[in-house]
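Each reported figure results from applying straightforward, stated rules to the coordinates on display, with no laboratory input. The model shown is predicted, which means the values in this text are computed figures rather than measured ones. Every residue, glycine as well, gets a Cβ built from its backbone with ideal geometry; the counts of neighbours run over all protein chains shown.
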Amino acid sequence: MVYKLHNMRTVLLLLFVGSSSILFAQKGVLTLQGRVENQKVRIPNVVIEVYKDNELFLTDSTERNGVYKVDLDLGSVYNVSFKKKGYVRKSIAVVGQSEKIEQGRYFFQLDIELFRLDQEGLDHSVLPPAAMLYLVDDKTGFAYDKRYVKWISGEYRDLDD
């Protein structure tokens, strides 16, 4: 009887330890941080909306000094949008999925330039995301798609012409 009770305790302990390690196992996280500016002047109280897999996940805002920081769990696709009355909304795409890795802690500095609505020659009817970030591997971490940024920078520059 004592032997069976001891085995039962061992089994229960193993189940508890196994299930708690699953519950407390952490997936990877990307901390996206930076500042929001217009012509080198930081913009306070910019609303930040984070959509995770096409559903609103988080709403936050920049500090008084225009600085922001958001944590994004790996394993999802995000659209991070920056908006404030009087400015053109700008968004970035973050692909936090990779077949290679879904664990680890990553940091990416991303400063955002918002255009004012009264800026001459600006057609803001349809603007694609300003940048596209993706997870490269566990050593490199996140990078931005340089070809996409080069293309979109040209598109934004052409708005001034």
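Exposure proxy for Leu114, Leu58: other Cβ atoms within 10 Å of each Cβ, ordered fewest to most, give Leu58, Leu114. Distance check, please: which entries in Lys40/Lys83; Lys40/Lys69; Lys83/Lys139 exceed 22 angstrom between their Cα atoms? Cα-Cα > 22 Å for Lys83/Lys139; rest within. Note that the stretch 41-46 has calculated 3J(HN,Hα) couplings of 9, 5, 10, x, 6, 6 Hz, one per residue in order, obtained from phi through the Karplus relation 6.51 cos²θ - 1.76 cosθ + 1.60 (θ = phi - 60°); glycine and proline are x.
Please arrange Glu113, Glu55 by how many other C-beta atoms lie within 10 Å of their C-beta, fewest to most. If you can, show how the numbers build up before the last one.
On the way: Glu113 15, Glu55 7.
Taking fewest neighbouring Cβ atoms as first place, the list is Glu55, Glu113.
Would you mind calculating the gained length between Asp145 and Arg105 on full extension (0.36 nm times residue separation, minus the Cα-Cα distance), in nm to one decimal?
Values: separation 40, 0.36 × 40 = 14.40 nm, distance 2.02 nm.
Contour length minus Cα-Cα distance gives 12.4 nm.
With each label modelled as a point 7 angstrom along the Cα→C-beta vector, the Val47-Thr59 pair spans 0.6 nm. For the pair Asp118 and Gln33 in one chain, pulling the backbone fully straight at 0.36 nm per residue adds 27.9 nm over the alpha carbon distance. When Phe142, Phe82, Phe108 are sorted by how many other C-beta atoms sit within 10 angstrom of their C-beta, beginning with the fewest, the order is Phe108, Phe142, Phe82.
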